[in-house]
Amino acid sequence: MRIRKKRTEAGRATSRGSRMRRLCAAVLTLLLLIAGSAACGETVAMIADLHMSMDADAFRDTLQAIQDLAGQTDVLVFLGDNTNNGRTEEHTAFLAWLENLRKAAGKPVYVLPGNHDLTGDTTPEVFAARYARFGWEKAFDRDPGSASYAVMTPEGTCLLMLDTNAYSPDSRMTEYGEIRESVAAWTGKVLEALPAGTKILVCGHYPVLPFEEGRDSTRNGESLVRLLTSHGVMNYFCGHRHSNYTLTLGGFRQINIGVPTGYPAWAGTVTDTDRFWHYRIRPLYDPESETGLQMKQAARALGERMAAGSLENTEYAGDEEAIDWFADAFMAEAESTIGQIRSELLARDGCAKWRKAKVRSVTREWILGILENGQEDVRDLQIPIHP
């Protein structure tokens, strides 16, 4: 009896221990699920410079790829130059596609104008009215003097959508970007009114930090950076340059989104992870697919043509080593891998030839500027939500 009693007590103890372990495991699983859900919030897809023309066949694969991306994200933002020439028929075609995208994906879609969208009779007022269903109707505040607006996403992120185009007195678009005083004043008013702790993403078409001194600069761009950082906003997403790169000023980070129609056809995604915005580049195509490989081959061929054309009538005309070097650097810039192979590229003989070549082209300054000024890998970044 004693032996049986001891065994029974031991069995009960074992059973209690087993139940306790199962309970602890269940609690731990629940905590991990809670932490996971808190750490993986709303994802906003950023698409820039679609340049949609009337040749629908040329855009079929890209438009389908964007629709596929919409199914994997929560919000879509188009950063301008949505059309190629701003013609009425181009806007009509893009609007029809946006309507279908929104219905098929069931996700909110927001749009900004770029310089290519604002030609002919398309003033900022006309653009805002034409695309009212894609931002302006849902906006909680709008700038009366531009196409800027502020809207809340379903999960409570404020999208500050800034019209960074420059206009003449008759509201016609000019050839550079600008942060006008009225836009800055409106932006400051919105930031002041937002409740403390609001998560904010800032979007525009033009970069506000210049990649190189005097090039691609937006008038009064750095004044916007100072305004945003004074309110604890450390991010700005834009297009216009057709390439993926990032620039920083203090803790502030500007991210340029590349084109969805050119190699490597990436879109940017921004996910709220409580303390940080997690920015990643998403390929719109499988790089090993037929489409992906064709785009890569076409990009390489373009780099080679650019090099050969620039070196024509110089002492390095037709020089395969110089052409091959430029094509390698061109592809590294497109793929955002320059940071990994910068030293190797700078040490090659092809680089020395480009430094010596008497090239009357911005091509040399562009590629050497990228290499010498540095380019951070933009494929996976964390940006503080609140510094």
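Please treat every number below as a calculation from the coordinates, not as lab data. For clarity, every value in this text was computed on a predicted model and none was experimentally measured. We place every Cβ from the backbone using ideal geometry, glycine too, and count neighbours over all the protein chains shown.
Determine the dipole magnitude for segment 243-334: charges of +1 sit on the beta-carbon of Lys and Arg, -1 on that of Asp and Glu, nothing else is charged, the reference point is the Cα centre, and the result goes in debye to the nearest 20.
Roughly 660 debye for segment 243-334.
Length gain on complete extension for the stretch ASP141 to LEU293, per 0.36 nm per residue less the alpha carbon to alpha carbon distance? Mind showing how you got there, number by number?
On the way: separation 152, 0.36 × 152 = 54.72 nm, distance 4.44 nm.
In short, 50.3 nm is gained.
Given the peptides 343-352, 188-197, arrange them by the average over their residues of other C-beta atoms within 10 Å, most packed first. Mind dumping the intermediate values first?
Details: 343-352: 14.2, 188-197: 12.4.
Top to bottom by mean Cβ count within 10 Å: 343-352, 188-197.
Determine the shape class of segment 229-387: with a ≥ b ≥ c the square roots of the Cα gyration tensor eigenvalues, call it rounded for a/c under 1.5, and otherwise prolate if a/b is greater than b/c, oblate otherwise.
prolate
Full-extension gain between ARG60 and ASP377, please, as 0.36 nm times their residue separation minus the C-alpha to C-alpha distance. Intermediate values should be presented prior to the final figure.
On the way: separation 317, 0.36 × 317 = 114.12 nm, distance 2.97 nm.
Using 0.36 nm per residue and subtracting the Cα-Cα distance, I get 111.1 nm.
Suppose only helical runs count, i.e. DSSP H with n ≥ 4. What mean residue ellipticity at 222 nm does that imply for the chain under -39500 (n - 2.57) per run, divided by all residues and rounded to the nearest 500 deg cm²/dmol? Write down the numbers at each step before the final one.
Values: 11 runs with 169 residues, N = 387.
Counting only the DSSP helices, I get -14500 deg cm²/dmol.
Tell me the label-point distance for the pair ARG305, GLU125, using the 7 Å Cα-to-Cβ offset, in nm and rounded to one decimal.
Result: 4.3 nm between the two label points.
Over the alpha-carbon set of segment 186-298, work out the extent along each principal axis and list the three values in angstrom, largest first.
Here the Cα extents, ordered largest to smallest, are 50, 37, 23 Å.
Mind checking segment 119-169 for GluC sites (Glu not before Pro) that DSSP puts in a loop (not H, G, I, E or B) and that have at most 15 other Cβ atoms within 10 Å? Write out the running numbers ahead of the final one.
Details: sites: GLU125, GLU137, GLU155; in loops: GLU137, GLU155.
Passing both the DSSP loop test and the Cβ count: GLU137, GLU155.
Between rounded, prolate and oblate, where does segment 88-167 land on the alpha carbon gyration tensor, with a ≥ b ≥ c its root eigenvalues, rounded for a/c under 1.5, else prolate if a/b exceeds b/c?
In terms of gyration-tensor shape, oblate.
Sorted by average packing, counted as other Cβ atoms within 10 angstrom per residue and highest first, what order do 276-282, 74-80 take? Don't jump to the answer; show the numbers that get you there.
Numbers: 276-282: 19.0, 74-80: 25.7.
Going by the mean number of other Cβ atoms within 10 Å, highest first, we get 74-80, 276-282.
Which of (1) 21.0; (2) 18.5; (3) 27.2 is the computed mean projected area of the Cα convex hull in nm² for the structure on display?
Given (1) 21.0; (2) 18.5; (3) 27.2, the calculated one carries the label (3).
Order the peptides 365-371, 251-257, 59-65 from the highest to the lowest mean number of other Cβ atoms within 10 Å of their residues.
Ranking, from highest mean packing down: 251-257, 365-371, 59-65.
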